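Heads up, the thing below is written out as structure tokens.
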Amino acid sequence: MLKFILGRSFGMVITLFVIIFVSFFVIRFAKGSPFSQEREVPPEVLQDLQARYGFDKPMSTQFYNYMKNIVRGDLGLSTKYPQRTVNEIIAISLPKTMVLGFFALLWAVIVGVTAGVIGAVKQNTKWDYSAMSLAMVGISLPSFVLGPILILFFALYLLWFPAGGWGSAKHLVLPAITLGTIYAAYIARLTRGGMLEVIRANFIRTARAKGLKEKAVIWKHAFKGGILPVVTFLGPAVAHLMVGSVVVEKIFNTPGLGPYFVDAAFNRDYFLIMGIVIVYSAFLLVLNLLVDVIYGIIDPRIRYE
Amino acid sequence: MPIKVRTSIHCLLMGSFLFACTNSQEGPYFGKTVPQHPADELWINGGGSPQYMDPSLIHDSVSSQFGRNQFVRLVEVSTQTGKPIPDLATHWEVSNDLSEYTFHLRSDAKWSDGKALTAQDIEWTWKRVLNPATGSMSGALATAFANASAFSHRAIYVHTRNPHEAFDREGFEKTLQSKFKIEKFEEPINLSGLFVYVSDSVEDKQKYRADLLAYIAAKMPHLSAKVADSSVVQVRALDTHTLWVKLIGPLPYFLSMLDYHVFAPVPQHAIEAAKKKTGREELWVRPEHIVVSGPYKLTEEKFKQYRYFEKNPYYYDAEFVKTPKIKVLVLEDYNTSLNIYRTGGMDWAGSNVSVPAHFVDEIKKYRDYSLSPQLVMYYFYLNVSKPELSNKHLRKALSLAIDRKTMVEKVTRAGQIPSANLIPCGLAGYTCAPATLFDPEQARKELAQAGYKKGDKLPPIEIKYNTAESHRKIAEALQQMWKKHLGIDVSLHNLEWRVFLHDRTEGNFQLARGGWIGDYPDPQNFFQLLLSDSSTNITRWKNKQFDELMKLSDRELDPSHRLELMRQAEIIALDESPIIPIYVYTKGTLKKPYLMGHYEDIQDYHEWKYMWIDDRWYNEVPESSLPQKPYKS
């Protein structure tokens, strides 16, 4: 197992390097400058600004310096928010996004798994149909539709939750539901599918034949096997949830990392874009590894030798 | 509650959105009218996150509100009269030719740490703004000071070592021109000698400067040469409370200009202290380091969430500042802002977000909505350096064939004022030149004069605009109007903002959308967009007569004759049509009825110091007992 993890970690570092290399140059070759504005910038000022950020050096030197700084843990300065370093911006925004992501995940897992199990256990009954129809609605309803509907209903009309912002647990409810619902829907369908497959397996029949109670059969035996596809799905899903969603965070004005994905690119805030790309890729890589490790633990058929 | 729930479900099922569901239960105001916070606070929306807080560096409208409310300027332009009134300067003397000013500062002016605010601070600030190393993108405005341009362009200042020795300028210029690439020579004001501006690409300038300096040192020992430093700039603190400035010439709009935040003094001692402490100068505007001179001071900053500003007790006029605490939210999206405004999360939707066109019809029913014209123009720039647009008759045809009235009534729909003039008419007493809003007949004649008869095919023309729903609609309307009235086809090309700016700066466009926000309320600020040597001349249009008239107007001492000269310049510009104006912007905003002291302002500044909460609204005073607010439909 340790050997497996070490091997994968080495691969991850290489993958991350390739990602950094490619994104660094792709962004730099995009037209437009971080300093352009309606009023023309005097050439002397522009020159000094370029020098301040090191953009005046040859591209290869810039990349070398950037890599050197990354190794030291320094992600550089933001051009759009000159008072902030990229490290600072990520340190401020990422935890908020992660909190939101955590609750979205909680919502997704609780609702999704419950609906999925109900669907599988009560297959082809009205319970199954309504759970799966709801899941279908959840999958088809994009967050930019669900978010405003929730705001309209719960914030503007019933005044139960704030319409946006950050600060209390109440602020989290609507964005977490908006963000988590689509995942809940996928999880419901995956759980149902996984469970149905397992429920027909021989070892379940054996369990029932042994005279085990239905509850024990479902939760102790079927569930463990049925949940495997969900675990696979959860890896990338958690990564997505933890780095935030542009749409949901914009709708609810959540001060998280999500909006930077778009804004930093539009602002040509080179170092900020890179910082976010690195954080996101690192999350994705680590979580994928984690999923594989968990797989080995919960599925006795898988062994990493 | 159940009835409420049932109604809500009904609304949702009916597929109706926000307003349809809320109208029936709404009063004359949009959402809550009881303040959701203590009366000594004010909650406003600042728009997005400010890029800068340092007034010397600010160049966008989101940031400028923080500059203006934290830092005093020498004068303030009255929102009522549009005339400069004393602020930090109590009075001033002007030389007869309007080019020299002596300002007398308030003796009680202090920084928020108790230190006296002196004329030296102002001198230091203005020279800092001009220094390219500071990185101020608005520094160009400060080149109004004599010799300032030489400093900010790092020109080389050459003079004789012996002050009594004559300087053979002609011979010197000839020698230099034969050896180096020179952009121009310029005679300094109030100094002997000469400024030499080297030309070439920015990267190479440094090398050329060094070469030139070395050359002069080696071959012209009687001359002294160095890169012009801040000492050449004709701004001087005569004593702690007297400031003297010399301008490049008479600038009748100089005082209005001084109200712009770039001219607000910044605290040298605090900036240097922050740099010493943190190693990064730009951190001086953080709450823990900031020192201000204006009515409010930043005390708490939550990045991307909100900022708290508290009344600065050292502000000279502090006793008249009404609200002790201001919370400024960071909300970029108007839909979210509307929601939060409605639930009472803010008292004023702020300067930097405008009610989107598709909401206006609905929102304008409410009495907390107001609409005011702005010092902002919507233009299309024509690139006259492109052969297909070099013909003025074609340009005029394009301009005349735009039905501007229909454009604002049917397309933009937020009360914009259609305009074929380059500036908002009536600004600072200016009478606009005659301009035709729409004349398809004449447009067709002009097109024929341009050499294109009916059915003739024009070279392909493309309109570039930056990606936004509103700009797309306007560009599409133009496309249809030109097809209908002139029978010509143009194509549309939307570009992401930075790419758009890049193309426009490089001249890689035929028609490009543009706008201009007046930096100061004077027509000159708009007309300078067309000066041959202006860095903001996007159209590449050059006209000697226009330049001459504008130059004359800058030197004209009689205000009404000055406006007349600009009017003549505008007549030329309209006849040549390098810019097609579409409309004067308006700002539709929402403010709660309990928010007082919020005045209409064409520059949209709305200083916080005048605002306060009418606490009678906490008890839901029947609105009939309150004075009516000015309401426009």
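The values are calculated or read from the model by the stated rules, or taken from the named source; none is laboratory data. Note that the structure is predicted; figures quoted are calculated from it, not measured. Using ideal geometry, Cβ is built from the backbone for each residue, glycine included, and neighbour counts are taken over all protein chains shown. To get the accessible areas, we keep the full protein, side chains included, count just its heavy atoms, and leave off ligands, DNA and RNA. Shrake-Rupley method; radii C 1.70, N 1.55, O 1.52, S 1.80 Å.
Quick look at the numbers
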item	result
Rounded accessible area of A:THR15 (nearest 10 Å², 1.4 Å probe)	60
Helix-derived mean residue ellipticity, 222 nm - over the protein assembly as shown, DSSP H n ≥ 4, -39500 (n - 2.57), to 500	-13500 deg cm²/dmol
Scattering profile of segment B:155-227 at q = 0.11, 0.21, 0.25 Å⁻¹ [log10 I(q)/I(0), Debye over alpha-carbon scatterers]	-0.24, -0.89, -1.27
For segment B:256-288 versus segment B:479-536, the gap between their alpha-carbon centres in whole angstrom	34
Accessible area in the full protein assembly, largest first, 1.4 Å probe, for B:ARG169, B:ARG616	B:ARG616, B:ARG169
Span-like helix ranges in chain A, DSSP H, alpha carbon extent 15 angstrom or more, Kyte mean at least -0.5	A:2-28, A:59-71, A:86-121, A:126-140, A:169-199, A:228-243, A:270-298
Amide H contacts under 5 Å for B:SER534, placed H, 5+ residues apart	none
Per-selection Kirkwood Rh - segment B:374-586 (Cα, Å, 1 d.p.)	17.4
Estimated D of segment B:361-498 in µm² per second, where Rh is the Kirkwood radius over Cα pairs and Stokes-Einstein applies at 20 °C, 1.002 mPa s	129
The protein assembly as shown, accessible surface, carbon-and-sulfur percent (1.4 angstrom probe)	59
Net charge over other residues, Cβ less than 15 angstrom from the Cβ of B:PHE103 (K, R count +1; D, E count -1)	-4
10 Å Cβ shell holding at most 14 others, DSSP loop, GluC sites (Glu not before Pro): longest site-free stretch of chain B	B:289-619
Span from the segment A:204-260 Cα centroid across to the segment A:80-132 one, whole angstrom	9
Per-residue HN-Hα couplings for segment B:580-595 [Karplus 6.51, -1.76, 1.60; θ = phi - 60°; Hz; x = Gly/Pro]	9, x, 10, 7, 8, 5, 10, 10, x, 9, 10, 9, 5, x, 7, 7
Inter-centroid distance (Cα atoms) of segment A:2-53 relative to segment B:307-366, Å	36
Gyration tensor (Cα) of segment A:48-92, equivalent ellipsoid semi-axes in angstrom	19, 15, 6
Diffusion coefficient, µm² s⁻¹, Stokes-Einstein with Kirkwood Rh over alpha-carbon pairs of segment A:115-156 at 4 °C and 1.567 mPa s	113
Shielding by partners, peptide A:149-161 (average Cβ within 10 angstrom, other chains)	4
Residues of chain B: accessible area per residue with a 1.4 Å probe, Å²	41
Normalised per residue, the volume of the convex hull around the Cα set of segment B:178-328 (Å³)	219
log₁₀ of I(q)/I(0) at q = 0.07, 0.15 Å⁻¹ - chain A, Debye sum with one point per alpha carbon	-0.38, -1.20
